[in-house]
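Let me begin by presenting the structure, written as structure tokens, before commenting on it.
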Amino acid sequence: MRKQITVLAAMAALLGLATVSPKPVYAKTATKKVTRTIKVYKPGKYTTVKETATLKKKSGKWTSSSWKAYKTPTVSGYKASTTLVKAAKVTYKTKNKTVKVTYTASKTAAVKATASTDSNSRLRQAALSVVNKFRAKAGVKAVKMSSKYNAILDKRATAKAKQYVTTGTYDHSGYSSLPTYLNTYPIVNGKIIYHGGETLHACYYNAQNTDTTTEMASCITSTFTENMQAEKDDYEAIVVKKTRKNITNISGTYEHYTMMVDSGNHTVYIGVGHYGSGNNAMVCVVIEYHA
């Protein structure tokens, strides 16, 4: 009897009569997230606002969404580049977007700060201390500071401090116009050595403080140290550990760290600049590393 049943089952299979229950198929719902990042360069404080719209694909068609309107903060004595980032519709064709909001100081707020020669000397020493602390950790000999180009570097630092106060950001624009002696490739022991180049570090301080020099020195030390640590982290992640492909630190490059601890660089020239008033005063240091 069993043999007969087996034979019948085999015949049924050959004739296509045997059936297997198919597994249920569930439609997958695809999703897509589109983000708008609003970078607000508010004097004294940089913030970001992220708006993420989530889209879903149903029955072969994408839904739509929107980014809400964002009203930019007002700052006394400053004018924002836009008062409102408008609401916007988001579709599957919409790409991630970045919007920058900067602030321009009014004429009454943009009063050039002043500092004595003694004050600038203390600020140069504060910046030099940060450099040599990092060099010591890297096992590299300390660099010495030269005052040979103080005048022109102070002028550049002041221009960069003004740029930050009036636009909310600063860059290396204008560097190529500096005298050629700041952009040379010296020969050391028969070899051409790249001197390193320029780093910029700007930060706000309170010009109403009774001891503005101490306030500025503290600001420079903390900001410069934070920047260099971020660059050191990027250097180790990219070069040593090879785990990071994109550079994210404030200066946008880890090369500042490498040239700061490069044993070929044994002289630094440091410029100091001031701009602004009250809580929105700015101090900036320009540092040149030379072999």
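The values are calculated or read from the model by the stated rules, or taken from the named source; none is laboratory data. Being a predicted model, the structure only gives us computed values, none of them experimental. No Cβ is skipped: glycine too gets one built from the backbone with ideal geometry, and neighbour counts run over all protein chains shown. Keep in mind that these areas ignore ligands, DNA and RNA; they rest on the heavy atoms of the full protein, side chains included. Shrake-Rupley method; radii C 1.70, N 1.55, O 1.52, S 1.80 Å.
Brief remarks on what is shown
- Unique match (being small (Gly, Ala, Ser), at pLDDT 90 or above and open to solvent by less than 80 Å² (accessible area, probe 1.4 Å)) among Ala109, Ala157: Ala157
- In region 232-250, the qualifying residues are those that are farther than 15 Å from Lys133 by Cα and buried (at least 18 other Cβ atoms within 10 Å of the Cβ), and the one that is farthest from the chain's Cα centre (by Cα) is Tyr235.
Results for (1) more than 20 Å from Gly168 (Cα to Cα); (2) polar (S, T, N, Q), shown as yes or no for each residue.
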residue	(1), (2)
Ile238	yes, no
Thr243	yes, yes
Asn246	yes, yes
Tyr257	yes, no
Asp262	yes, no
His274	no, no
Asn279	no, yes
Val286	no, no
Tyr289	yes, no
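- Residues in region 42-83 that are open to solvent by 80 Å² or more (accessible area, probe 1.4 Å) and either part of a loop (DSSP other than H, G, I, E, B) or aliphatic (A, V, I, L, M) (or both): Ser59, Lys68, Thr74, Ser76, Thr83.
Conditions tested, residue by residue: (1) open to solvent by 40 Å² or more (accessible area, probe 1.4 Å); (2) at pLDDT 85 or above; (3) among the β-branched types (Val, Ile, Thr).
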{"residue": "Ala126", "(1), (2), (3)": "no, yes, no"}
{"residue": "Ser147", "(1), (2), (3)": "yes, yes, no"}
{"residue": "Lys191", "(1), (2), (3)": "yes, no, no"}
{"residue": "Gly196", "(1), (2), (3)": "no, no, no"}
{"residue": "Ala207", "(1), (2), (3)": "no, no, no"}
{"residue": "Ala217", "(1), (2), (3)": "no, yes, no"}
{"residue": "Ala230", "(1), (2), (3)": "no, yes, no"}
